[in-house]
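Reading through the structure tokens given below for one structure.
Coordinate-derived values only; no laboratory data. Everything numeric in this text was worked out from a predicted model, so none of it was measured. All Cβ positions, even for glycine, are placed from backbone atoms using ideal geometry, and neighbour counts span all protein chains on display.
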Amino acid sequence: MNADSQSFRGNKAALPSKPCLGCARPMTWRKCWAKNWAEVKYCSDACRRGKVPKGKQGSKALHG
């Protein structure tokens with residue numbers, strides 16, 4: 001176990017986060033991103049492909 005998973009202990013507020021470059025919504029650290037968190041830039045494949053309409057950036061309707 002690494003330091004991130006040991007400090008988590010069920011408290012999601014303790015996880016690091018950063019904004020998505022595609023939609024500007026905050027992304028919270030995920031275990032699958034543990035090895036490359038510094039390189040993660042987008043929250044989803046849609047944001048990576050640039051499919052988020054410019055007028056809808058940050059809208060809750062796009063992400064549920």
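Which order do the peptides 40-51, 10-21 take when ranked by the mean count of other beta-carbon atoms within 10 Å per residue, highest first?
By packing density, highest mean first, the sequence is 40-51, 10-21.
With each pseudo-label sitting 7 Å past Cα toward Cβ, what's the LYS12-TRP37 distance in nm, one decimal?
1.7
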